[in-house]
Structures are given as C-alpha cells and as structure tokens.
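Down below is the structure, laid out as structure tokens.
No lab work stands behind these numbers, since they all come straight from the coordinates. Values in this document were obtained by computation on a predicted structure and should not be read as measured data. Methodologically, a virtual Cβ is constructed for each residue, glycine included, from the backbone with ideal geometry; neighbour enumeration extends over all protein chains shown.
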Amino acid sequence: MRNKEVIKSVILIIFVLFSVFMTYRVWTFTPELTDLESDMNAETPAIGPKISKPIDSVIMPLRIINRNGTDLKGTSNVEEIKKITDVMLDKDVKKVDILTSESAVQLDDLSERYTVLDFPDSVPSEMYLNQVLGLSMSNYPKINFDRILVDTKSTDRAIVYLLSENKQKAIKLQTTIKSHEFDKINKEAASKFKPYTSIITNQNTTNEINQIYAPETADNINIYRYVSNKISVSDLNDVILGDSVIARNNDNHVSTYNNNTGIATVNEKKQTYRYTNLSEDENNIKDLSKSISNSFKFINEHAGFTDEFRLFGTDPKQGNVNYKMFLNNYPVFDEDNLSSIEASWGRDTITEYNRGLITTGVAVPSKKESDEIPTAEEVRFNLASNAEIDFNKVTNFAIGYDLSLPVDDIDNLQDTIEFTPKWYIKYDGEWKQYENGGLK
C-alpha cells in the first residue's frame, strides 16, 4: 500500500513539473523567422503594398542552359530557374581555386555536360555567394562574374565555376552540393526547356564556355496591354526627401523638390523621377557589392519593387546598379527608362535614385498582333553581315519587351501601357533593340 502511495506521489510530481515546463515554453516561445525577409518596417514610408522581395528573386540569372556536347536546351522561366538555384542554397565549399589567363581562361577539368547560369551583367562574387546563395566558406573570393557553370558529371559533388566578364579569370569551387540531387531537380525542370543556340561573335566566344546563348525561336510571345497605375510623387518624396520638402514648379511639365541634402526632379510628361544626393562626396570609393546590397535593401524597405524587377546592369567602376522590370520572364526596355530603377550608394546613404512612375495594373485585351519575330540565327546573320556593326562588340542576345504608351487608349477612360516583343542585343556594353538587320 505504501509503495502505491509513493508511486502516485512520483507521478503527480512528474505531471506538475511537466506542466511548469510547458507553461514556461508557452510564455517564452519565439516563432522562427529566419526564412522571412526583415526589410519591412511598419514605420518606414512606402510607395506600394509592403511586400518584401527575397534577394534571390531580384539577383538571379537571366537564363539557364543545359549543355551536353552540342545539344543545348534552356529557359528564362523564373520558376524553373529558381528550382535549380534553390538546390545550391546554404551548402559548404570545401576548396577554392583561382584560375587566370591572359586571354580566355581554360577549364581543363570541365566535363562535356554542364549547366550554365547566365547573368545579364557583372555580379560581385563575394556578395552573390554569401548573401544570395548563402554558401559557407572561410574566405569569399572577389571577382565580378556574369556566368556560372555547374559540373555534376565529373564527381559526386558538384564543381561550380564563376567566370569573369572578360573571361580571363575564373573561380573553381568544390562544393557539398550532391550531384545526383542537382541532376534530379535539373531533369524535372528541363522537361520545360526549349532548344537554344550558341553564337560566336569574337575570339573569346570561340571557346565553348564563353559562347553567347539565345533561344532558337521566339514562339508564342504576344503583345500585352495593361492599365497603368502611377506611383504617388508625394509618397516617393516622403521616402526620399523626408518631411522637409520644398517644392518648385518649372515649365514643360517638370517639377523639382529638394531638402537640405538633395534634389528630386519629376518629369510629368515622361513619368520619371530622378534624385541626386548633393551632400555625398563624389570622390567616395565606389563599391559594387555595397551598392547592390544597400540599394536592394533600400528599395525593398519602401516597397519600391512595384513589379517584377531583377538586377540587370552594373557599373563596377562607378558602383551604379540598374534593376529592370520583367514581364512573363522577359526584360522590359524603353527609351525613357520607365522600366528601370537606377541606384548608386555612397558612404552612408543613397546618392542616385532614378525610376519610372508607371506600374502595371489590370491586363486588358489587345487587338494588335505581334510582327513575326526572326530566329536567333537570322538575327545573328543579319548583324554579322551589317557593315555598320562591329560584330566583335556583340556580347549578348535576349528576347524582351518594348514598353510604349499608346495614344489610342481604350475609350480614353484609362491610361494603358503596351508591351511588344522584340530582340535586344548587348552591343559595346549597351542593350539596343534589333530592327531590320540593324540596331536602334
């Protein structure tokens, strides 16, 4: 009988202690927030709904290509790209080798089957490997790259190469990415890939790893029309200039606003906003990694990525960055930079911030049909045959949309914007529209 009472007392004590422990856990519970972006702050002014963008959805490849000998298949579809890049997240790097050459670097250990992650412009390796992919490394190598190669055939752990824009330097990373896992996800995504072609334009691109890639054809790309929304200039001034704003109206639909450190110019006809911080020293050291990281956070904090935007252009010498609007996985271009967000970071704050004031609203039917888009081979042949074009200066091909503001708005009730598919060519460092065998 006495033993039973002892057992009951022990059980009761255990229940009491368990109850105390669970009460403590409830009161001290903190939810896991590591997967959430921390850039949103309720106190920060914003120009749109406060939806934070993950950094790997803004700084990402333009396209992915699987190469197996001469067989090329690729895509610019963001969902398929993300499936593949997600396999590379948060892995370890066991060894780093730096490869250099006075001409084009050679990758002697690269197999005949590999995956290409193609970027539209240079990206700092230390920023991308650390902040975007989250690779664990003892020391992050520093080059500006525009292409990544992933070789999963050579070993059971993927070998990753980062190629510099001039192709004279490469970083070789021996990773813990399991080759069979990468291949499995890649195979699933590749079921939606389309035939791609490689293009040789100069001596560098005769090397297989440096060739230019483009989809063979531009099938099923239509003209799109959207009701346009306009960003409030007042909201944007709250973000950029703060409370002490002085407004000065000028002629020709141009208004200026300033505070004690900077000036903003709004062109109401072109629907553009340009800001310059006058207090920053022009002689500040330009750091591309800092400009990308800080400008991304700055724009994200005030919900500035109002459509789908991706990092598209960089200037390593000046530290300037350009985020471009994308529509249906293709970049958007226009003469007045309505589709771009240009930013530069100084020592402590933003020094330049230029953007369009137009965003896409509801899609509306378009009665216009797109002109037949030539194949990549037709574009290549016409450009190579054009005596006015130095074909050696061609460094990239892409299908994109030309953004325009149609005059014949539907019923004149709402402003609309129109997106027409075109070929775009990166020529001598600038993206130009292909038209009738030439560039405009």
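Please report, ordered by residue number, every helix of the chain (full DSSP H runs) that is 24 Å or longer along its axis going by C-alpha atoms and whose mean Kyte-Doolittle hydropathy reaches 0.0.
Helices meeting the span and hydropathy rule in the chain are 2-28.
Picking from D315, D287, D348, which is most flexible by a Gaussian network model of the chain using Cα springs under 10 Å?
D348
For the chain, with a Gaussian network of springs between Cα atoms less than 10 Å apart, report the residue from A170, A387, A46 with the top mean-square fluctuation.
A387
With all distinct Cα pairs included, what does the Kirkwood hydrodynamic radius of the range 121-226 come out to in Å, to one decimal, could you say?
Working: mean 1/r = 0.0619 Å⁻¹.
The answer is 16.1 Å.
Select from Q174, S232, I209 the residue farthest towards the positive end of the dipole of the chain; place +1 on Cβ of Lys and Arg, -1 on Cβ of Asp and Glu, and compute about the Cα centre.
Positive-end residue among those listed: Q174.
Could you tell me which of rounded, prolate or oblate describes the range 344-406, using a ≥ b ≥ c as the square roots of the eigenvalues of the alpha-carbon gyration tensor, with rounded for a/c under 1.5 and, failing that, prolate when a/b is larger than b/c and oblate otherwise?
Judged from the Cα gyration tensor, the range 344-406 comes out oblate (a/c at least 1.5, b/c at or above a/b).
Largest first, please: the extent of the C-alpha atoms of the range 171-242 along each principal axis, to the nearest Å.
Principal-axis extents of the Cα atoms in the range 171-242, largest first: 51, 37, 34 Å.
Could you rank the peptides 238-244, 334-340 by their average count of other C-beta atoms within 10 Å per residue, with the highest value first? Mind showing how you got there, number by number?
Numbers: 238-244: 15.1, 334-340: 19.1.
Taking the mean over residues of other Cβ atoms within 10 Å, the ranking is 334-340, 238-244.
Using a ≥ b ≥ c from the Cα gyration tensor of the range 106-173 (square roots of the eigenvalues), is it rounded, prolate or oblate, where a/c under 1.5 gives rounded and otherwise the larger of a/b and b/c decides, a/b for prolate?
Oblate, since a/c reaches 1.5 and b/c is not below a/b.
So what are the three principal axis dimensions of the range 71-134 from its Cα atoms, in whole Å, longest to shortest?
Reported extents, whole Å, longest axis first: 37, 32, 24.
Tabulate in residue order the Karplus-calculated ³J(HN,Hα) for the range 135-140, using 6.51 cos²θ - 1.76 cosθ + 1.60 with θ = phi - 60°, rounded to whole Hz; enter x for Gly and Pro.
Karplus values, whole Hz, x for Gly and Pro: 6, 8, 9, 6, 8, 8.
Using only the Cα atoms, work out Rg/Rh for the chain, with Rh taken as the Kirkwood radius, to two decimals. Please list the in-between numbers first.
Values: Rg = 26.0 Å, Rh = 24.4 Å.
When Rh is taken as the Kirkwood radius, the ratio is 1.06.
Once you've got the GNM for the chain with C-alpha springs shorter than 10 Å, pick whichever of I185, I148, I81 has the biggest mean-square fluctuation.
Among I185, I148, I81, the largest mean-square fluctuation in the Gaussian network model of the chain belongs to I185.
Stick to Cα atoms and the Kirkwood definition of Rh, then tell me Rg/Rh for the range 302-440.
On the Cα set of the range 302-440, Rg over Rh gives 1.01.
Among S136, T100, G69, pick out the residue whose Cα is farthest towards the positive end of the charge dipole of the chain, where Lys and Arg carry +1 and Asp and Glu carry -1 on C-beta, about the Cα centre.
Most positive-ward Cα: S136.
In whole Å, what are the Cα extents of the range 328-378 along the three principal axes, biggest one first?
48, 34, 19
Kindly rank 110-121, 47-58 from highest to lowest mean number of other beta carbons found within 10 Å of each residue.
With the highest mean Cβ count within 10 Å placed first, the list reads 110-121, 47-58.
What fraction of the Cα pairs in the range 199-289, stated in percent, has a spacing above 20 angstrom?
Values: 2588 of 4095 pairs.
The answer is 63 percent, as a whole percent.
Rounded to the nearest 500, what is the 222 nm mean residue ellipticity of the chain from helices alone, with -39500 (n - 2.57) per DSSP H run of 4+ residues and division by all residues?
Numbers: 6 runs with 80 residues, N = 440.
Only helices count here, giving -6000 deg cm²/dmol.
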